[in-house]
Amino acid sequence: MKLNELRDNDGAARKQKRVARGPGSGKGKTAGRGIKGQKSRSGVALGGYEGGQMPLYRRLPKRGFNKPNKLHYSVINLGLIEKFIEAGKLDVKAEINEDALVAAGLTSTKRDGIRILAKGEIKSAVKLNVTGASASAVEAIKAAGGSITVKAAAAE
């Protein structure tokens, strides 16, 4: 195959409709905008304009705050860890760290760390090393005879 032989699959790219190019185009004369009126003109933004009145989006108060350096964790539930152990994708004998969880396919990325939550139940005695865990998840792991090391994450 050569570079000049590359092309899209059939039906992958649809030709753009050229408007206002004569009656034979199917969108000639008024280009599908109808006749007269505000919407037929160019440069019209009807969405936020209320005829001179203060628009709704400016009358309502601003609320909340989005923290720019907020940490985003990948979340994994205990039930899913147990399922992967039973399937043989995780080794119970070795310490299970974040890289092992990603390699096994429990999550696609680590993001700012992995946090374990207590949904589902765990029967295996696992040794986990992760960024975070809920109190009930830590309790459930210890009750199953396992241990968990939680890294001190950057202050949130």
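The values are calculated or read from the model by the stated rules, or taken from the named source; none is laboratory data. These figures come from a predicted structure and were not determined experimentally. Heads up, the Cβs are rebuilt from the backbone with ideal geometry, glycines too, and the neighbour counts pull from every protein chain shown.
Below are the figures for this structure:
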{"quantity": "Within the stretch 119-144, considering residues that are within 28 Å of the chain's Cα centre (by Cα) and under 18 Å from Val92 (Cα atoms), the one surrounded by the fewest Cβ atoms within 10 Å (Cβ to Cβ)", "calculated": "Glu121"}
{"quantity": "Pair list, Cβ under 8 Å, 6 or more apart: the stretch 99-113 residue over 18 Å from Glu82 (Cβ atoms), other residue in a helix (DSSP H, G or I) and of a type outside the set (D, E, K, R)", "calculated": "Ser108/Val102; Thr109/Val102; Lys110/Val102"}
{"quantity": "Total residues in the stretch 43-76, condition more than 30 Å from Thr107 (Cβ to Cβ) and either assigned by TED's automatic domain parsing to the domain that holds Val130 or in a loop (DSSP other than H, G, I, E, B) (or both)", "calculated": "17"}
{"quantity": "Out of Asp112, Asp91, Asp99, sole residue that is assigned by TED's automatic domain parsing to the domain that holds Ile141 and either of a type in the set (Ser, Thr, Tyr) or touching a strand residue (DSSP E or B) at 6+ places or on another chain (Cβ under 9 Å) (or both)", "calculated": "Asp112"}
{"quantity": "Residue that is farthest from Glu121 (Cα to Cα) [pool: residues in the stretch 41-81 that are surrounded by 10 or more Cβ atoms within 10 Å (Cβ to Cβ) and modelled with pLDDT under 90]", "calculated": "Val44"}
